[in-house]
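Can you read through this structure? Questions will come right after.
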Amino acid sequence: MNNTKKITIQDVAKYANVSTGTIDRVIHDRGKVSPDKKKKIEDAIEKLNFNPNLLASTLALGKSFHICALLPSAPHLGHYWSIPKIGIDRAAIMYKDFGVVTNSFYYDESDEASFTEQTNKILELNPSGVILVPLFLQESIIFVEKLRERKIPYVFIDTDIPNQESLAYIGPDIERSAYIAGKLLCSVLKENSNILILNLVKGVENASALNRMEKGFLNFFQENELNNKINIHTLTINSTDKEIIFRELTKYYLKNNEIKGVFVTNSKAHMVSDFHLKHELDIKVVGFDLVKANIEHLKLGGIDYLISQSPMQQGLKAVQVLFDLFIHKNIPLKVQHVPLDIIIKENVDFYVDFS
């Protein structure tokens, strides 16, 4: 059996070819069940590694556990922000028999008001726990203060806000991921090259996260005494609109035609690759995440490396952490960094097929 799948009473019923009611009678030793059926059910429970005691103890609590997730909206399937939602939905299926219910709410990355509006909707529901991507710093702090007042546990994913008493942060080590990006980009460039750190942000993203990203990237060059051999520039374009990005890159490259490598600090590396390919620019690119467009440009050669931050696992793990708190009273590790996988065009299909 797949060990990542939570075995349900329905799975046992299907395996043993009996009703869930019959299984319930065997588990609780009530009512008449033929010896043959009882043996089939006991064998199925053992074979599938089903934990009836956990299910029984959960049901005995007589309550459900409502988890609300607050995520940036995804304009289409395959967009980065659609991927954590897949993990949350998978976990919801795993734990549905234990009274866990999830609802997702979405905000516009360029609109702080939409974030606040969604937080108010969540507070009205008074959920058991919250999963949050805190891109808007001040609005997120206000929200989690209200959650703390109500003693509602919350988990940050993708982006952390240190010192905010979250139950856990599940996501990348931002500084380390940027350090890796620096090493990868340096490996494909000559000495005395010019590198651009490119932030493509829609609205006011968590500035502290971008600062930590830049710090981690620069740390690689400082630790390896490459400061005098590599020139590093920074550009922030306050949009994710293709037309605006192309216009701003055109203006920038006209003034800085010596750029040989670009580190894109989010999942939008495909837009930069698209610009380079259209203008036949030989510029190396490193970015983040296995979104569909990035995969296409990795195969086209416009992106040299992608660093995968496991967004699906972030969503799934966040639900698991809250479930373990609700049912087992387990306090999780405060910081849980996801693995960082380095993807190139020669191995990308293995990752896609596995996912």
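The values are calculated or read from the model by the stated rules, or taken from the named source; none is laboratory data. All of these numbers come straight from a predicted model, not from anything done at the bench. All Cβ positions, even for glycine, are placed from backbone atoms using ideal geometry, and neighbour counts span all protein chains on display.
Which of the residues belonging to the stretch 1-18 are at pLDDT 80 or above and surrounded by fewer than 17 Cβ atoms within 10 Å (Cβ to Cβ)?
Once the filter is applied, which keeps residues that are at pLDDT 80 or above and surrounded by fewer than 17 Cβ atoms within 10 Å (Cβ to Cβ), the stretch 1-18 yields Lys14, Asn17.
Name the single residue, out of those in the stretch 134-158 being crowded, with 23+ Cβ neighbours inside 10 Å and β-branched (Val, Ile, Thr), that is nearest to the chain's Cα centre (by Cα).
Ile157
Let's see how each residue does on (1) surrounded by 14 or more Cβ atoms within 10 Å (Cβ to Cβ); (2) out of contact with any Leu (no Cβ under 9 Å at 6 or more places or on another chain); (3) modelled with pLDDT under 90; (4) assigned by TED's automatic domain parsing to the domain that holds Ala113:
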| residue | (1), (2), (3), (4) |
| --- | --- |
| Ala69 | yes, no, no, yes |
| Pro75 | no, yes, yes, yes |
| Ile88 | yes, no, no, yes |
| Ala91 | yes, no, no, yes |
| Lys96 | yes, yes, yes, yes |
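Let me ask you something else. Hey, can you tell me all the residues within the stretch 300-355 that are under 30 Å from Ile152 (Cα atoms), over 19 Å from the mean Cα position of the chain (by Cα), part of a helix (DSSP H, G or I) and hydrophobic (A, V, I, L, M, F, W, C)?
Within the stretch 300-355, Leu325, Phe326, Ile327 qualify.
Same structure again: Of a type in the set (A, V, I, L, M, F, W, C), closer than 30 Å to Ile152 by Cβ, in contact with a strand residue (DSSP E or B) (Cβ under 7 Å, 6 or more places away or on another chain) and touching a residue at least 24 places away in the same chain (Cβ under 8 Å): is that true of Phe263 in this structure?
Values: of a type in the set (A, V, I, L, M, F, W, C): yes; closer than 30 Å to Ile152 by Cβ: no; in contact with a strand residue (DSSP E or B) (Cβ under 7 Å, 6 or more places away or on another chain): yes; touching a residue at least 24 places away in the same chain (Cβ under 8 Å): yes.
Spelling it out, it is not the case that Phe263 is of a type in the set (A, V, I, L, M, F, W, C), closer than 30 Å to Ile152 by Cβ, in contact with a strand residue (DSSP E or B) (Cβ under 7 Å, 6 or more places away or on another chain) and touching a residue at least 24 places away in the same chain (Cβ under 8 Å).
Sticking with this structure for a sec: Restricting to the stretch 124-149, name every residue that is farther than 16 Å from Pro162 by Cβ and of a type in the set (D, E, K, R).
Across the stretch 124-149, the qualifying residues are Glu124, Glu139, Lys146, Glu149.
Also: Looking only at the stretch 116-145, count every residue that is more than 15 Å from Phe156 (Cα to Cα) and without any contact (Cβ under 8 Å) to a residue 40 or more places away in the chain and tell me the total.
Residues in the stretch 116-145 being more than 15 Å from Phe156 (Cα to Cα) and without any contact (Cβ under 8 Å) to a residue 40 or more places away in the chain: 7 in total.
Right, next: Out of the stretch 80-101, which residues are over 16 Å from the mean Cα position of the chain (by Cα) and β-branched (Val, Ile, Thr)?
Step one: of the stretch 80-101, the residues over 16 Å from the mean Cα position of the chain (by Cα) are 93-101.
Correct list: Ile93, Val100, Val101.
Here is a further query. Tell me yes or no: at least one residue of the stretch 169-184 is more than 21 Å from the chain's Cα centre (by Cα), in the same structural domain as Val262 (by TED's automatic domain parsing), surrounded by 24 or more Cβ atoms within 10 Å (Cβ to Cβ) and not in a strand (DSSP E or B).
Yes, the stretch 169-184 contains at least one residue that is more than 21 Å from the chain's Cα centre (by Cα), in the same structural domain as Val262 (by TED's automatic domain parsing), surrounded by 24 or more Cβ atoms within 10 Å (Cβ to Cβ) and not in a strand (DSSP E or B).
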